[in-house]
């Protein structure tokens, strides 16, 4: 099958987890014998990941576009205008998009399948403007709600309605489309994310600490973790925090806390070592459509403390042997942290969950669904 994969981010140019998802899926689809080509963004929003990627047999085209206010909006415009000029669409059987594309603007006779990684309407609730000066943040939040969100939510709804079928990364993600838009999807499936179990390997643990990976994103639960650590009144393991952190007062107060080591942004190899040696990963997200960090932690033999299925999609694949599920509030998280001593870690059980969610499995499930609905 000739598959065109559209994504706003593709390694080595990375914005977030979608870049790695797109790469691993493209790599595994190619290994299954399919001809895979990629059209990605050439955006100033990306950072360069200098890790080694196997890209030799994947044809990649990059489209430059405006990033003003909404790179997502301008990427869709660029695709609609330039896709027929850079790809021979007559030679493509199916377009599998990992970005919101309005296909009503594109003449294409093959099948179209959208992978839904996040709900824009839900994400907009967590616009904080923290990257701007304190006095400007209320205005930034207002602009996000009144200007940015309506534009991107409109694009999200058009993308849902103009594709032949949708793949959601969790039942939570699919259910949010019903809650927020009344969109009851009759041509869809859920395929959870995957993990590279060879790279994210399990070793013996040499240290005693808890791990948080996610930077200072409120959607990932940084404020919940901060409050719970300030309220914990007994001796607990140190908490190492990895990700990109801004100079907010809450983060500054964490750096003064004896319970916290602020690691900052780390590369993939450093992250794997952090996973391997942690007692548990903490991910108290109020809203997380899936959460790749959860599978990565399990693959490294480390259990997870995670928000329940109403708030975190990855919770759908977890059992009691590898996880403790909480409500996304400091009281619930504090109770779990204080009872860590009674939790027996089972690295083998963690690996078993990860090994049932490899990228190879994701690719096989994706092709099966494509064949059922559009081939």
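Can residue 222 be described as under 25 Å from residue 332 (Cβ atoms) and within 22 Å of the chain's Cα centre (by Cα)? Yes; evaluated as a whole, the condition is true for this residue. Looking at this structure, is residue 309 surrounded by fewer than 24 Cβ atoms within 10 Å (Cβ to Cβ) and modelled with pLDDT under 95? Against the criterion (surrounded by fewer than 24 Cβ atoms within 10 Å (Cβ to Cβ) and modelled with pLDDT under 95), residue 309 does not qualify. If you go through region 317-373 and keep only what is outside any helix (DSSP H, G or I), in contact (Cβ under 8 Å) with a residue 12 or more places away in the chain and touching a strand residue (DSSP E or B) at 6+ places or on another chain (Cβ under 9 Å), you end up with 318, 322, 323, 324, 325, 326, 327, 328, 343, 345, 357, 358.
Among the residues of region 42-54, is any under 25 Å from residue 164 (Cα atoms) and touching a strand residue (DSSP E or B) at 6+ places or on another chain (Cβ under 7 Å)?
No; the residues of region 42-54 include none that is under 25 Å from residue 164 (Cα atoms) and touching a strand residue (DSSP E or B) at 6+ places or on another chain (Cβ under 7 Å).
When region 339-375 is limited to residues that are farther than 23 Å from residue 237 by Cβ and over 24 Å from the mean Cα position of the chain (by Cα), the one that is modelled with the lowest pLDDT turns out to be 375.
The values are calculated or read from the model by the stated rules, or taken from the named source; none is laboratory data. Note that this is a predicted model, so its numbers are computed, not measured. Cβ sites come from the backbone with ideal geometry, for glycine too, and all protein chains shown count toward neighbours.
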